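This report concerns only the one structure given below.
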Amino acid sequence: MTTVLNVEEMHCEKCVERITKAMTAAGLDFKVSLADKTVTIEGCDHCVAKAKEILDDLGF
């Protein structure tokens with residue numbers, strides 16, 4: 001299952017770096033697009049919920 005999360009607060013490469021580091025540490029299968037201001041999650045509902053929790057914790 002593919003889920004695209006909009007991350008309007010993502011403004012720069014530093015944001016991408018922070019998101020990438022946190023998602024990688026959580027073991028998620030994801031792609032970050034600064035141009036589209038999105039994070040695409042590959043996985044189940046639990047993976048999506050975890051990704052949303054991470055983004056929230058990071059202030060996105």
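Nothing in this text is a laboratory measurement; each read-out follows from the coordinates by a stated rule. Just so you know, these numbers come straight off a predicted model, no measurement behind them. Note that each Cβ is placed from the backbone with ideal geometry, even for glycine, and that neighbours are counted across all protein chains shown.
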Q) Which ones in segment 4-36 are of a type outside the set (A, V, I, L, M, F, W, C) and touching a Ser or Thr at 6+ places or on another chain (Cβ under 7 Å)? A) 6, 31
Q | Residues that are within 16 Å of residue 57 (Cα to Cα) and out of contact with any Gly (no Cβ under 8 Å at 6 or more places or on another chain), drawn from segment 15-35 | A | 15, 16, 17, 18, 19, 20, 21, 22, 23, 24, 25, 26
Q: Give the residue that is farthest from residue 1 (Cα to Cα), with candidates limited to residues of segment 30-60 that are out of contact with any strand residue (DSSP E or B) (no Cβ under 8 Å at 6 or more places or on another chain), not hydrophobic (A, V, I, L, M, F, W, C) and not in a loop (DSSP other than H, G, I, E, B).
A: 57
Q | Per-region count, segment 1-29, residues assigned to a loop (DSSP other than H, G, I, E, B) and surrounded by 11 or more Cβ atoms within 10 Å (Cβ to Cβ) | A | 6
Q. What residue, of 24, 3, is of a type in the set (S, T, N, Q) and in contact (Cβ under 8 Å) with a residue 24 or more places away in the chain?
A. 3
